[in-house]
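Have a look at the structure below, then the notes.
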Amino acid sequence: MKIRLFAGTLFLLVVLVAVAWQAARQPRPVALTPTISGKEEYCLTCHADLPEISASHPVESFGCVLCHGGERLALDADLAHSTMRGGSNPSDLAVAGLSCGGSDCHSGSPELQRDHVGRVLTSIQTTYAGAIASLRFSFGAQDSLAARQAIAPVQALHPPAGNQDQRPQYLEAFDPAAESNPFLQSFGENCLNCHLRAEALPGNEYARFTGCAACHPPTAGSDLSEPDRQPVHQLTTAIPYTQCNACHNRGNYDLRTMSFVPRPDAPADRLHDYYQPITQFTRCEYELDCLDCHTRTEAMGDGYLYNDQQEQQYVQCKTCHGTLTEPPLTRTIRNEADLALRLAYLNPDVPLQIGDTIVVTDKGEPMWNLRQLTDGSFEMVTKVTHVRYPLPLVQGSACTQKPEEQESRYCHACHAVER
Amino acid sequence: MRPSFFHHLHPPTIPASQSRFRYTLGAGGYSVFLTLVLLVSGALLMFYYVPTPAEAGPSIQMITFLVPFGALVRNLHYWSAQILVVVAAIHMLRVIFTGAYNSPRRFNYLLGLSLFVLALFLDFTGYVLRWDEGVRWALVAGTNLVDSIPWIGPGLYRLVMGASQPGPAALTRFYTWHIFGLVVLLLGVGVWHIFRVRRDGGIAVPPPEQRSTPQRISRFELVRREGLAALIGTAVLLLVSAFIPAPLAPPMSEVTSQAADSSAPWFFLWVQQLLKSGDAFWMGVFVPLVVLAVLGAIPYLLPAVKPDELGRWFPRSGRPAQVLALILVLAVLGLTLAAALAPPA
């Protein structure tokens, strides 16, 4: 019996050593108490090597859970990640309202234009309404080009302004299975890849996420399918044209087979390779980044629903360059609450301050990177590349435009570069 | 050697052949051992567990991941509880298969059966205290069974849940039952059960003249054996608890309408399988109660085992009880297996 008791004690001792070894193997928890939530979280135990997502979202204030969700106390990867919003992308539009939204964040006051999440749901990049309406009209499923359906049902944040306003009040969900025409069914199956709810097509040149993260993290060109890749953990408002090109200029729709034909090349030279060979460009269209001219509401919506892209995109050559009779519209910044200052603050390479006069669009949107200098001339500072360009005005130039011909094709007639 | 307090908890001597491990399987002793582990580990868990719907899940995550040795204590509590159900069932089957349930022990047999039921209730209430997605289905299904009982069901449901649906009141009630109500009952009936073992003449043995050997072992030897069993039991429990974590799921949410894990705890899988084949009350409440009643009726309705056949496995005169118990065991195991192997809905 004594031997048995000795053996039993020995066994227990060996087990105790094993228990101690197992306890020593556990990771040492790394706590973070973000100032906004005030709730301790332990994500940094494993994710200490992640770069801070942006200067506007310091990890000491935001932590991880506020945006990503997840189990803040769990040190088991599966459990910790099980309740994350949108998997690895909390900005997917299915959950962006919870992750990026909130009245203190990006679902804030519409008057202050802080309602980004609500507006982006109405954007043509989200609804895809123009393409759907155009196809349904072409194949006889609807009797006009007016948009009726979107990728997901959506209500306009602002009602159409009066009876003459053709913009829709709401859009129903486009359901390819409910279409009787086989071409529309194929369209539904093969061509719904380029909106903010859609997963990107495979390939580095299409590399983007969904929702807000389709544009704001610079993913273009990276291999997102690599399972062991370091997560792209960066948000920016200085979005380079290459990110836009993850969707735009990536191929053509073949209307005979109703399928998307991706372009086979990986373009390098922007002017000669990137864009469709038949289209014409002026220098600003291939030297600047898309967002140097196109505004936030053109890309992210303004709360109205639009019938198609042309209706939502309203910036023209004259917005910056004016016409023969008029200089561009301008506004002098009078106080700190001016939206232009807020936008410039995010991109400090544009030294904007109270008293500066900037170009504004027809709708009053600030072109905050287009300043009037003391000598009365205008200067553009590009948002991504930080290059300064003098802005030539039409007024006083040798331009022979007709006042009513302001579409880009009329300008291209003289100003397109040889390709 | 003067007997210590622990020696005095045991009879001075017991028959050698009935004190062998292969006769008792140590199941009664291990049940006491596991209960003690449960009491100690449960008391430690109470320092950290917060019984509110919002905090239950996070506090268990805190115990599991952040409290030093918290995971070990929680795993010890979990595994002791699971093993207790198995060990207590083995103890009951040992009693049936050795014919030890007859008068004068038949009342103690009922006490033992009620201890088993209490252990199941403790297991279920403890399971619910996780208040996470893994237990939501079982909580809803289990309490709906209560609701399905004719006449008294709805009232009983309100009594259990404290409200018309799972919420803070239900969690408080499950918690109070788990750490107080059921524990007091378990300890009370448990002490009574152990007292009755000695009052009813100790372990069942044949009359003195019919015993194969008159040898007896002393309480010193018995305590040494128990010490060895406790050493091995502790080591095995620690080993299991250090390396196999108790289940944990994301905290219960109101958002998802469909529970991620729609299965009962393993000891009620057989009831879940029964529920697939019929009405909630008849299959989920009535049939289990009948099983319990049949088990309880064994010493009262079936012929007694002959005294000279006591003290060994499978006495001939106890066949009806053995067959009945075997059928019940096979049925429960078969249903459990069917439920466990069924593809998820």
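The values are calculated or read from the model by the stated rules, or taken from the named source; none is laboratory data. As the structure is a computational prediction, the values presented were derived from the model and not from experiment. Positions of Cβ are generated from backbone atoms using ideal geometry, with glycine treated the same way; all protein chains shown enter the neighbour counts. Accessible surface is based on the protein model in full, side chains and every heavy atom, while ligands, DNA and RNA are left aside. Shrake-Rupley method; radii C 1.70, N 1.55, O 1.52, S 1.80 Å.
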- prompt: Can you tell which of A:VAL315, A:VAL394, A:VAL350, A:VAL384 is assigned to a loop (DSSP other than H, G, I, E, B) and in contact with a Phe, Trp or Tyr (Cβ under 7 Å, 6 or more places away or on another chain)?
  reply: A:VAL350
query: Any idea which of B:SER277, B:SER263, B:SER253 is within 14 Å of chain A (Cβ to nearest Cβ) and over 30 Å from A:ALA23 (Cα atoms)?
result: B:SER253
- prompt: Quick check: is even one residue across region A:184-191 open to solvent by 30 Å² or more (accessible area, probe 1.4 Å) and free of Cβ contacts under 8 Å to residues at least 40 places away in the same chain?
  reply: yes
message: Given the criterion closer than 30 Å to B:THR336 by Cβ, touching a residue at least 60 places away in the same chain (Cβ under 8 Å), within 9 Å of chain A (Cβ to nearest Cβ) and within 22 Å of the chain's Cα centre (by Cα), identify the matching residue among B:LEU238, B:LEU269.
response: B:LEU238
message: Please count how many residues of region B:72-88 are closer than 22 Å to A:GLU71 by Cα and either more than 8 Å from chain A (Cβ to nearest Cβ) or among the β-branched types (Val, Ile, Thr) (or both).
response: 4
query: Within region A:233-272, which residues are hydroxyl-bearing (Ser, Thr, Tyr), in a strand (DSSP E or B) and out of contact with any helix residue (DSSP H, G or I) (no Cβ under 7 Å at 6 or more places or on another chain)?
result: A:TYR253
- request: Say whether the condition of being more than 30 Å from B:GLY227 (Cβ to Cβ), more than 10 Å from every other protein chain (Cβ to nearest Cβ), buried (at least 18 other Cβ atoms within 10 Å of the Cβ) and of a type outside the set (A, V, I, L, M) is met by at least one residue in region A:8-31.
  value: no
- request: Please specify each residue of region B:68-125 satisfying the condition of being open to solvent by 20 Å² or more (accessible area, probe 1.4 Å), aromatic (Phe, Trp, Tyr) and not in a helix (DSSP H, G or I).
  value: B:PHE69
Of the criteria (1) in contact with a Leu (Cβ under 6 Å, 6 or more places away or on another chain); (2) in contact (Cβ under 8 Å) with a residue 40 or more places away in the chain; (3) at the interface with chain A (Cβ under 9 Å from one of its Cβ atoms), which one B:LEU228 fails: (2)
message: Among the residues of region A:86-114, what is the count of those that are of a type outside the set (Ser, Thr, Tyr) and buried (at least 21 other Cβ atoms within 10 Å of the Cβ)?
response: 7
query: For region A:59-77, which residues satisfy the criterion of being open to solvent by 50 Å² or more (accessible area, probe 1.4 Å) and at the interface with chain B (Cβ under 10 Å from one of its Cβ atoms)?
result: A:ARG72, A:ASP76
field: Members of region A:273-291 found to be part of a loop (DSSP other than H, G, I, E, B) and either open to solvent by less than 40 Å² (accessible area, probe 1.4 Å) or at positive phi (or both), listed by number
entry: A:TYR275, A:PHE281, A:THR282, A:LEU288, A:ASP289
task: Select from region B:204-228 the residues that are small (Gly, Ala, Ser) and within 29 Å of B:PRO307 (Cβ to Cβ) and list them in ascending order.
output: B:ALA204, B:SER212, B:SER218
task: Note down all Cβ pairs under 7 Å where the first residue falls in region B:175-187 and is closer than 12 Å to B:THR35 by Cα, the second is assigned to a helix (DSSP H, G or I), and they're at least six residues apart or on different chains.
output: B:LEU186/B:LEU115; B:LEU186/B:LEU118; B:LEU186/B:LEU122
message: Suppose we keep only residues that are under 32 Å from the mean Cα position of the chain (by Cα) and not acidic (Asp, Glu) within region A:395-412. Which one would you say is most open to solvent (accessible area, probe 1.4 Å)?
response: A:ARG409
message: Take B:SER218 and tell me if it is polar (S, T, N, Q), surrounded by fewer than 20 Cβ atoms within 10 Å (Cβ to Cβ), on the phi < 0 side of the Ramachandran plot and away from chain A (no Cβ under 14 Å).
response: no
message: Going residue by residue through region B:292-299, is there one that turns out to be open to solvent by 80 Å² or more (accessible area, probe 1.4 Å) and modelled with pLDDT of 90 or more?
response: no
- line: Checking A:ALA198, A:ALA152, A:ALA173, A:ALA129 in turn, the sole residue that is within 30 Å of A:ALA268 (Cβ to Cβ) and among the hydrophobic types (A, V, I, L, M, F, W, C) turns out to be A:ALA198
Residues that are surrounded by fewer than 17 Cβ atoms within 10 Å (Cβ to Cβ) and not charged (D, E, K, R), drawn from region A:340-367: A:TYR345, A:LEU346, A:PRO348, A:PRO351, A:GLN353, A:ILE354, A:GLY355, A:THR357, A:GLY364
field: Checking A:GLN234 against (1) open to solvent by 60 Å² or more (accessible area, probe 1.4 Å); (2) in contact with a strand residue (DSSP E or B) (Cβ under 9 Å, 6 or more places away or on another chain), the condition it does not meet
entry: (2)
